[in-house]
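The values are calculated or read from the model by the stated rules, or taken from the named source; none is laboratory data. Source: prediction; values computed, not measured. Positions of Cβ are generated from backbone atoms using ideal geometry, with glycine treated the same way; all protein chains shown enter the neighbour counts.
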Amino acid sequence: MSNLVSSIREKYLHTLDQIATAARKSGRDPHEVRLVVVTKSQPLEIVQAAIEAGARILGENYPEEGVTKIQSLAAQTGVEWHMIGHVQSRKARLVAEHFALLHSLDSLKLARRLDRFAAESQRTLPVLLEFNVGGEASKSGWEASDESQWDALLPDVAAILELPNLQIRGLMTMPPLGTDAQDSRRFFRRLRLLRERLATQLPGGDWRELSMGTSADYAVAVEEGATLVRVGTAIVGERRYTSEK
Ligand SMILES: *Cc1c(COP(=O)(O)O)cnc(C)c1O
């Protein structure tokens, strides 16, 4: 094993360990939580090393960069690629064709485009709905910081549930950057409550996934019910370059 692989492996295993500890602490089965290793803006050799180190789900933010990596590493079997960043409408086709799960579906308009492209490639695209539970203007996702306004979200969500080639699997959020991991707790909790609300109001949907938590706060996210955590720098180190924006 190269030094790069063993160093990533050590951090990957440590992260899994922390996830398991946080899960048990909150009475959850550690197997309910899947670790997405975020490799955005990392060169191919790092992605390759992460796979050799044991990563099974990789998260990318930029569709073109992600597809290049998917195609370069096509021989790697058993790896699942997730799109976790905001998708511009002109990149929707790439996402519909190449990714196993989109975490960051943030508008009905994008949903309709993805549904059309998924149909054209004869597949169903699993998606998570991204909610902005912190109320920051700069964040993507449906505005959901005020619980008393949640009913206003229902028409869009119901319309997405009707799209034949998309399959909602749950919710995702990216909370405001705090100074302490505990700062994120109330936002993760809010996303969990929103899931309960949607599951009650739209019981026909599949609401099992909660994608929340990054390097800074994934343990808190697991305590609050995360089923997918998205961890980049804590496993693969600082990002090397910035890609298409
Ligand atoms: C970059 C990114 C992450 C990972 O962040 P780290 O701080 O590197 O763990 C998680 N989620 C999203 C949406 C991201 O853009």
From the option list SER104, SER2, SER26, SER6, single residue qualifying as loosely packed, with under 14 Cβ neighbours inside 10 Å and either closer than 21 Å to VAL220 by Cα or in contact with a Leu (Cβ under 8 Å, 6 or more places away or on another chain) (or both) is SER26
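Using the structure shown, decide if GLN167 is farther than 22 Å from ASN61 by Cα and surrounded by fewer than 19 Cβ atoms within 10 Å (Cβ to Cβ).
Numbers: farther than 22 Å from ASN61 by Cα: no; surrounded by fewer than 19 Cβ atoms within 10 Å (Cβ to Cβ): yes.
Spelling it out, it is not the case that GLN167 is farther than 22 Å from ASN61 by Cα and surrounded by fewer than 19 Cβ atoms within 10 Å (Cβ to Cβ).
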Per the filter on the stretch 38-62, residues within 10 Å of the ligand (Cβ to nearest atom) and not in a loop (DSSP other than H, G, I, E, B) are VAL38, GLY59, GLU60
Within the stretch 224-239, of all residues that are at pLDDT 95 or above and more than 14 Å from TYR12 (Cβ to Cβ), the one nearest to the ligand (Cβ to nearest atom) is LEU228
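Of all residues in the stretch 76-114, which are more than 17 Å from PRO164 (Cα to Cα) and part of a helix (DSSP H, G or I)? First the steps, then the outcome.
Taking the stretch 76-114 first, the residues more than 17 Å from PRO164 (Cα to Cα) are 76-91, 94, 98-99, 103-104, 106.
Selection gives SER89, ARG90, LYS91, LEU94, HIS98.
Considering ASP217, ASP206, which residue is within 11 Å of SER184 (Cα to Cα) and touching a Lys or Arg at 6+ places or on another chain (Cβ under 9 Å)?
Working: ASP206 fails: within 11 Å of SER184 (Cα to Cα).
ASP217 is the lone residue from the list that is within 11 Å of SER184 (Cα to Cα) and touching a Lys or Arg at 6+ places or on another chain (Cβ under 9 Å).
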Scanning the stretch 202-214 residue by residue, those of a type outside the set (Lys, Arg) and surrounded by fewer than 17 Cβ atoms within 10 Å (Cβ to Cβ) turn out to be LEU202, PRO203, GLY204, ASP206
Flagged in the stretch 172-197 as over 13 Å from VAL220 (Cα atoms) and in contact with a helix residue (DSSP H, G or I) (Cβ under 6 Å, 6 or more places away or on another chain), in numbering order, are THR173, ARG197
If we ask which residues in the stretch 190-223 are under 20 Å from ASP29 (Cβ atoms), more than 16 Å from the ligand (Cβ to nearest atom) and without any contact (Cβ under 8 Å) to a residue 40 or more places away in the chain, their number turns out to be 7
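Would you point out which residue out of LEU58, LEU73 is modelled with pLDDT under 95, aliphatic (A, V, I, L, M) and either surrounded by 14 or more Cβ atoms within 10 Å (Cβ to Cβ) or over 17 Å from the mean Cα position of the chain (by Cα) (or both)? Quick ask: steps written out before the conclusion?
Working: LEU58 fails: modelled with pLDDT under 95.
Only one candidate qualifies: LEU73.
Pick out the one residue from HIS31, HIS82, HIS86, HIS14 that is crowded, with 21+ Cβ neighbours inside 10 Å and either under 22 Å from GLN182 (Cα atoms) or within 20 Å of the chain's Cα centre (by Cα) (or both). Explain how you work it out, then say what you get.
Working: HIS31 fails: crowded, with 21+ Cβ neighbours inside 10 Å; HIS86 fails: crowded, with 21+ Cβ neighbours inside 10 Å; HIS14 fails: crowded, with 21+ Cβ neighbours inside 10 Å.
When all the criteria are applied, what remains is HIS82.
Could you grab me the full set of residues in the stretch 18-28 that are in a helix (DSSP H, G or I) and over 20 Å from the mean Cα position of the chain (by Cα)? If you could, list the steps in order and put the result at the bottom.
First pass over the stretch 18-28, keeping only residues in a helix (DSSP H, G or I): 18-25.
Answer for the stretch 18-28, where residues must be in a helix (DSSP H, G or I) and over 20 Å from the mean Cα position of the chain (by Cα): THR21, ARG24, LYS25.
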So is LEU153 more than 25 Å from ARG93 (Cβ to Cβ), out of contact with any helix residue (DSSP H, G or I) (no Cβ under 6 Å at 6 or more places or on another chain), within 16 Å of the ligand (Cβ to nearest atom) and modelled with pLDDT of 95 or more or not? no
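Filter the stretch 170-201 down to residues that are among the polar types (S, T, N, Q) and loosely packed, with under 15 Cβ neighbours inside 10 Å and give me whichever is modelled with the lowest pLDDT. If you could, list the steps in order and put the result at the bottom.
Taking the stretch 170-201 first, the residues among the polar types (S, T, N, Q) are 173, 179, 182, 184, 200-201.
Remaining after also requiring loosely packed, with under 15 Cβ neighbours inside 10 Å: 179, 182, 200-201.
Working: THR179: 88, GLN182: 94, THR200: 97, GLN201: 97.
This residue is THR179.
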